[in-house]
Amino acid sequence: MKKNEKEILNEALRQLEELTGFNTEIKPEAKIPGKKNVDARIRIPKLKQTLYAEIKLNVTNQTIGAVAHQIKETAAGKQVILIAGYITPQLADKLKELDLQFLDTAGNGYINLPDLFLFVKGNKLKVEFEKEKPVRAFQPAGLQLIYALLCNPGLEDKPYRLMAEKADIANGAVTLVMRDLKKLGYLLDLGKKGRTLTRKNELLRRWINLYAELLKPKLLIGRYNTDNPDWWKQEKLLTRNALLGGETAAAILTGYLKPQKHTIYTGENHGRLLLQLKLKPGNNGNVELVKKFWNFEDLFDKDNLVNPVLVYADLIATGDKRNLETAKIIHDKEVVRYIGED
């Protein structure tokens, strides 16, 4: 466990003890019996309860969906809890709605145990904890390359020039990102046998979280309104360079979802799309246009859809229950073909 994570855990539990009067016991880097590793196991002896904790330094509107999805996956029927630096009142309500227990260092929290119910929000943060700067692999250019690698199995063993072209980044950035992926254990260099990605599921989880936080906001062209909620059933996008993502693509792929918000990734002047779909600017619009950030053809292009890996990421980022259910369907049906079961 890193120093700043340990500090956040200790302060969050100090706040809990002060609020409830219950002592806690910590075992760092524990394991859910027969399941996955977690950042810590927390015991509350007086209640005879054990909580398995995941620590996140920074939780935002952009990352709450990915965080909730990861922790729910980890739970495996056990009591899990999110420990965070700070949870805003809006995020607190969202986490409670998702029934995801949490504590932060300001004394905010939601705990729903048989002998303890707690919901506190609105406490102000008194101590700022140092945020860790992502390594180059998890900065925007690196995130573009990771996406290209995940969508194109075997690309990691191709020339760097080709990787740069498909990820739409500079050649030099590829060298630095591949070096980071190797250091972090996501890339194996087998010498004459070539290079291969490993721990792809873990890499995907990290990518989803940081894509929503660091890359997608930079690519957002704008939000727009449409008066026709069923336009996506009636309109064939006029260009192969405009592709449907998010809830819209998920509805087409699964038939399980009625999209409330629509995402279009476009690689050209978006004025044509605004005219075709009769879109009007609106800060809370139900259609978002996002700049396309890759440069490779995909078998889903013919249906005007982005790769399922990106559909999956878009759904998870929303944190919406129905979207998370749909994300699991897409993962099990489509994403697993790219990522595998490792």
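Computed values, structure above
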{"quantity": "Number of positions in the range 138-178 that are of a type outside the set (A, V, I, L, M, F, W, C), under 23 Å from the mean Cα position of the chain (by Cα) and farther than 13 Å from Leu203 by Cβ", "calculated": "6"}
{"quantity": "Test result for Ile329, in contact (Cβ under 8 Å) with a residue 40 or more places away in the chain, over 19 Å from the mean Cα position of the chain (by Cα) and open to solvent by 10 Å² or more (accessible area, probe 1.4 Å)", "calculated": "no"}
{"quantity": "Members of the range 180-207 found to be over 26 Å from Gln70 (Cα atoms) and either among the aliphatic types (A, V, I, L, M) or touching a residue at least 40 places away in the same chain (Cβ under 8 Å) (or both), listed by number", "calculated": "Leu190"}
{"quantity": "Unique residue being open to solvent by less than 10 Å² (accessible area, probe 1.4 Å) and at positive phi when the list is Gly319, Gly255, Gly245", "calculated": "Gly319"}
{"quantity": "Search result, residues across the range 205-244 that are touching a Phe, Trp or Tyr at 6+ places or on another chain (Cβ under 8 Å) and within 27 Å of Leu184 (Cβ to Cβ)", "calculated": "Arg206, Trp207, Ile208, Leu210, Tyr211, Leu214, Leu215, Leu219"}
{"quantity": "Residues within the range 296-316 that are open to solvent by 30 Å² or more (accessible area, probe 1.4 Å), more than 13 Å from Gly245 (Cα to Cα) and not aliphatic (A, V, I, L, M), tallied", "calculated": "2"}
{"quantity": "Close pairs from the range 213-234: first charged (D, E, K, R), partner part of a strand (DSSP E or B), Cβ under 9 Å, at least 6 apart", "calculated": "Lys216/Val290; Lys218/Lys291; Arg223/Pro281; Arg223/Val287; Arg223/Glu288; Arg223/Leu289; Asp227/Lys280"}
{"quantity": "Filtered residues of the range 1-26 (kept if hydrophobic (A, V, I, L, M, F, W, C), open to solvent by 60 Å² or more (accessible area, probe 1.4 Å) and either part of a strand (DSSP E or B) or closer than 20 Å to Asn112 by Cβ (or both))", "calculated": "Leu19, Ile26"}
{"quantity": "The one condition in (1) at pLDDT below 95; (2) buried (at least 19 other Cβ atoms within 10 Å of the Cβ) that Phe293 fails to fulfil", "calculated": "(1)"}
{"quantity": "Qualifying residue in the range 189-196 (condition: touching a Lys or Arg at 6+ places or on another chain (Cβ under 7 Å) and at pLDDT below 95)", "calculated": "yes"}
{"quantity": "Boolean, Leu188 is over 22 Å from Lys302 (Cβ atoms), open to solvent by 60 Å² or more (accessible area, probe 1.4 Å), more than 18 Å from the chain's Cα centre (by Cα) and not acidic (Asp, Glu)", "calculated": "yes"}
{"quantity": "Identity of the residue in the range 109-123, of a type in the set (A, V, I, L, M) and within 17 Å of Glu18 (Cβ to Cβ), that ends up least open to solvent (accessible area, probe 1.4 Å)", "calculated": "Ile111"}
{"quantity": "Count of the range 91-108 residues which are crowded, with 24+ Cβ neighbours inside 10 Å and either on the phi > 0 side of the Ramachandran plot or without any contact (Cβ under 8 Å) to a residue 24 or more places away in the chain (or both)", "calculated": "2"}
{"quantity": "Residue check for Lys280: of a type in the set (Lys, Arg) and loosely packed, with under 13 Cβ neighbours inside 10 Å", "calculated": "yes"}
{"quantity": "Residues of the range 191-209 satisfying the condition of being over 19 Å from Val309 (Cα atoms) and surrounded by 16 or more Cβ atoms within 10 Å (Cβ to Cβ)", "calculated": "Arg195"}
{"quantity": "Hits in the range 42-57 - residues which are in contact with a strand residue (DSSP E or B) (Cβ under 7 Å, 6 or more places away or on another chain) and either crowded, with 18+ Cβ neighbours inside 10 Å or acidic (Asp, Glu) (or both)", "calculated": "Ile42, Leu51, Tyr52, Ala53, Glu54, Ile55, Lys56"}
{"quantity": "Flag if Thr175 is of a type in the set (Val, Ile, Thr), open to solvent by 30 Å² or more (accessible area, probe 1.4 Å) and touching a Gly at 6+ places or on another chain (Cβ under 9 Å)", "calculated": "no"}
{"quantity": "Single unsatisfied condition, Ala137 versus (1) open to solvent by 10 Å² or more (accessible area, probe 1.4 Å); (2) within 29 Å of Thr105 (Cβ to Cβ); (3) of a type in the set (A, V, I, L, M, F, W, C)", "calculated": "(1)"}
{"quantity": "Selection from the range 61-73 of residues that are under 25 Å from Pro28 (Cβ atoms) and surrounded by fewer than 17 Cβ atoms within 10 Å (Cβ to Cβ)", "calculated": "Lys72, Glu73"}
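The values are calculated or read from the model by the stated rules, or taken from the named source; none is laboratory data. On a predicted model such as this, the values are computed, not experimentally measured, just so you know. Ideal geometry is used to build each Cβ from the backbone, glycine not excepted, and the neighbour counts take in all protein chains shown. What goes into the accessible areas is simple: the full protein's heavy atoms, side chains included, and nothing from ligands, DNA or RNA. Shrake-Rupley method; radii C 1.70, N 1.55, O 1.52, S 1.80 Å.
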